[in-house]
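Read the structure below first, then the notes.
The values are calculated or read from the model by the stated rules, or taken from the named source; none is laboratory data. Keep in mind that what you see is a predicted model, and the values were worked out from it rather than measured. A quick note on method: Cβ atoms are made from the backbone with ideal geometry, for glycine too, and the neighbour counts reach across all protein chains shown. SASA here: full protein model, heavy atoms, side chains in, ligands and nucleic acids out. Shrake-Rupley method; radii C 1.70, N 1.55, O 1.52, S 1.80 Å.
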Amino acid sequence: MSGSELKQRRRSGGRSARTAARARPLDEAIRPVRPGLPGGQFRPLKEEDVGRIHEAAITALEKIGMGSAPASGREYLIAAGAIEGDDGRIRFPRGLVEDMLAKAAKDITLCARDPQYDLHLKGTNVHFGTAGAAVHMVDPDTAEYRNPSVQDLYDAARIVQRLDNVHFFQRPVVCREFADPLELDLNTVYAACAGTTKHVGTSFTEATNVARCMKLLHEIAGGEEAWRARPFVSNSNCFVVPPLTFAEESCEVMEACILAGMPVLLLSAGQAGATAPAPIATAVVQAVAECLAGVVYVNAVKPGHPAIFGTWPFVSDLRTGAMSGGSGEQALLSAACAQMHQHYGLPGGAAAGIADSKLPDMQAGWEQGISNVMAGLSGLNMVYEAVGMHASLLGFCLESLVLGNDMLGQVQRCVRGIEVKDEYVDLEVVSSVVLEGPGHYLGHDQTLQLMQSEYVYPELADRSSPKEWEERGKPILLNTASDRVRSILAEDGHQIDPTTEAALQAALPLAKLARP
């Protein structure tokens, strides 16, 4: 390219050109961040230590085993080759675990009702979403905590539908107005699906409730066959009560979900220093052992059924015994767990993004940012509780949810890393700017070409100068987030068609959700 051509390109640049370039929508393939970016750059465990943790977990299953399996679970596990001891504990021979790992589903896809939101859990592909089942809603304006309702769950789902960097919706709150467990389960599934077409995660209080909830899902899907072809809801299942004990009712729920064609999250959530050992490495050992038992269980019920290796250990503040989800130790635990699911070649998930802070403040920012970056860089397939969670999972905040979308954009940019291409190191552009041009790159064609595909821009965060900030009335970020919440909820984002909605309301005890 001649010097005159380069100068002509620079003259065509400037602020207006950059603004126009940013306004143009980008194709999915060239967006700077998107669901499923490969991580794996950060590995807190040495390879030999991964092997040592594996050996310790296998030994724990062989020698200590798992207690309190339900009767149906004992039948499945013993038929598969597990051994029931005189003490009633189920022990798992090494060969059985290895056989079931060979049968376990790899590279699974968690479907969404809208296929553009499908989650491909392969290798180190990373996805961020909600979860947490908080028992309080956080009002940052009044600094008060209140009971969440099904309307809050619906509103959260509607907001997630509009957030590009939040890739799935697992229930972030418990709808506390329902005394009947069946009504709770039905309305949780209904409100989530009414608010978003992204993949949904939920829990069930009793196995007998699964069948009624499946009728609801079949209706939304267009029939049982359509549901089984593309199951768009997964069961978040706390199938163990650490340490090394099955949760009988949850196991029965898991069996019902497997038979109904629903993917399951095998969730082991011990708390280091309380229900898991205090050493971080040993907490990982216990979580891995429990989830390996879950892999055996799932594949004993139905070989190859899609399941997520949910090593999900938490951290205690050992001064008080309180949970500390926003700690550096928590971030390390989740990153180490990502290495373990990669060791087995299984899709994996764990927690990150939890704030111990009670409000969306600076403490919440560093707690959420550190653990999300580490989880993403470790290649964790499913990063749960990534946004909106406060008070160590006791509180959920809608303003924090939309602020978290900005944060996750920056987190994913870190996950994507730096691409070194031939045209970036050949120095033609540098030479033309330095030797022939104005000595800066602001209006250069290369800058305009890369300004959106290489850089991520926040929707809410303020990058203006102090002068510009003053001219705009000195906006406060939390107020900007509140405005964003209100603007989303002012639009009708209902995701169930009127005919299906009427059929569901007539057949099931569902709440009437407020819509604009």
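Search the stretch 443-461 for residues that are under 28 Å from LEU478 (Cα atoms) and open to solvent by 40 Å² or more (accessible area, probe 1.4 Å) and pair each with any residue that is at pLDDT below 90 and among the charged types (D, E, K, R) when their beta-carbon atoms are under 8 Å apart and the residues are at least 6 apart or on different chains.
These pairs meet every condition: TYR457/ARG22.
Does the stretch 77-98 contain at least one residue that is touching a strand residue (DSSP E or B) at 6+ places or on another chain (Cβ under 6 Å), charged (D, E, K, R) and closer than 20 Å to VAL160 by Cα?
There is no residue in the stretch 77-98 that is touching a strand residue (DSSP E or B) at 6+ places or on another chain (Cβ under 6 Å), charged (D, E, K, R) and closer than 20 Å to VAL160 by Cα.
Check whether at least one residue in the stretch 173-192 is in a loop (DSSP other than H, G, I, E, B) and surrounded by 24 or more Cβ atoms within 10 Å (Cβ to Cβ), and report yes or no.
There is no residue in the stretch 173-192 that is in a loop (DSSP other than H, G, I, E, B) and surrounded by 24 or more Cβ atoms within 10 Å (Cβ to Cβ).
Taking the stretch 425-442, which residues are in a helix (DSSP H, G or I), of a type outside the set (A, V, I, L, M) and open to solvent by 70 Å² or more (accessible area, probe 1.4 Å)?
GLU428, GLU436
Report, ordered by the first and then the second residue, all pairs with beta carbons closer than 8 Å, sequence separation of six or more or different chains, a first member in the stretch 487-501 that is aliphatic (A, V, I, L, M), and a second member that is open to solvent by 60 Å² or more (accessible area, probe 1.4 Å).
So the pair list comes out as ILE488/ARG162; LEU489/PRO516; ALA490/PRO516.
Might you let me know whether the stretch 318-327 holds any residue that is closer than 19 Å to MET389 by Cβ, open to solvent by 20 Å² or more (accessible area, probe 1.4 Å), of a type outside the set (Ser, Thr, Tyr) and without any contact (Cβ under 8 Å) to a residue 60 or more places away in the chain?
no
Hey, could you check the stretch 250-289 for residues that are polar (S, T, N, Q) and part of a helix (DSSP H, G or I) and say which is surrounded by the fewest Cβ atoms within 10 Å (Cβ to Cβ)?
Within the stretch 250-289, the match that is surrounded by the fewest Cβ atoms within 10 Å (Cβ to Cβ) is THR282.
Which one is farthest from SER334 (Cα to Cα), of the residues in the stretch 372-390 that are among the hydrophobic types (A, V, I, L, M, F, W, C) and in a strand (DSSP E or B)?
Checking each candidate, the answer is MET389.
Just checking, does the stretch 360-371 include any residue being part of a loop (DSSP other than H, G, I, E, B), under 17 Å from PHE128 (Cα atoms) and of a type in the set (Gly, Ala, Ser)?
no
Run SER334 past the list (1) under 15 Å from LEU393 (Cβ atoms); (2) small (Gly, Ala, Ser); (3) open to solvent by 10 Å² or more (accessible area, probe 1.4 Å) and report the number of the one that doesn't hold.
Evaluating SER334 over (1) under 15 Å from LEU393 (Cβ atoms); (2) small (Gly, Ala, Ser); (3) open to solvent by 10 Å² or more (accessible area, probe 1.4 Å) leaves (3) as the failure.
Determine if the stretch 196-215 includes at least one residue that is assigned to a helix (DSSP H, G or I), over 29 Å from ARG74 (Cα atoms) and in contact (Cβ under 8 Å) with a residue 24 or more places away in the chain.
No: the stretch 196-215 contains no residue that is assigned to a helix (DSSP H, G or I), over 29 Å from ARG74 (Cα atoms) and in contact (Cβ under 8 Å) with a residue 24 or more places away in the chain.
What is the one condition in (1) in contact with a Pro (Cβ under 7 Å, 6 or more places away or on another chain); (2) over 20 Å from GLY39 (Cβ atoms) that ARG319 does not satisfy?
(1)
Of all residues in the stretch 205-230 being open to solvent by 20 Å² or more (accessible area, probe 1.4 Å) and touching a Cys at 6+ places or on another chain (Cβ under 7 Å), which is farthest from HIS305 (Cα to Cα)?
The selected residue is ILE220.
Is there a residue being touching a residue at least 24 places away in the same chain (Cβ under 8 Å) and assigned to a helix (DSSP H, G or I) anywhere in the stretch 229-247?
Scanning the stretch 229-247, I find no residue that is touching a residue at least 24 places away in the same chain (Cβ under 8 Å) and assigned to a helix (DSSP H, G or I), so the answer is no.
Kindly indicate the residue of the stretch 490-508 that is acidic (Asp, Glu) and in a loop (DSSP other than H, G, I, E, B) and also nearest to ARG212 (Cα to Cα) among those meeting that condition.
Once the filter is applied, the top-ranked residue is ASP497.
Hey, can you tell me all the residues within the stretch 140-149 that are touching a residue at least 24 places away in the same chain (Cβ under 8 Å) and open to solvent by 10 Å² or more (accessible area, probe 1.4 Å)?
Listed by number, the residues that qualify are PRO140, ASP141, ALA143, TYR145, ASN147, SER149.
Collect the residues in the stretch 462-485 that are loosely packed, with under 11 Cβ neighbours inside 10 Å and in a helix (DSSP H, G or I), keeping them in residue-number order.
Across the stretch 462-485, the qualifying residues are PRO466, LYS467, GLU468, GLU470, GLU471.
Quick one: in the stretch 362-391, of everything that is more than 16 Å from the chain's Cα centre (by Cα) and among the small types (Gly, Ala, Ser), which residue is most open to solvent (accessible area, probe 1.4 Å)?
Top of the filtered list is GLY365.
Which is among the basic types (Lys, Arg) and within 30 Å of GLY222 (Cα to Cα), of ARG484, ARG515?
None of the others qualify; the one that does is ARG515.
Table: residues versus (1) surrounded by fewer than 17 Cβ atoms within 10 Å (Cβ to Cβ); (2) modelled with pLDDT under 95.
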| position | (1), (2) |
| --- | --- |
| ALA20 | yes, yes |
| LEU26 | yes, yes |
| PHE42 | no, no |
| LEU45 | no, no |
| GLU48 | yes, no |
| ARG52 | yes, no |
| ILE58 | no, no |
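Here is a list: GLN412, GLN342. Which entry is open to solvent by 10 Å² or more (accessible area, probe 1.4 Å) and either in contact with a Gly (Cβ under 9 Å, 6 or more places away or on another chain) or within 18 Å of GLY123 (Cα to Cα) (or both)?
Unique residue meeting the criteria: GLN342.
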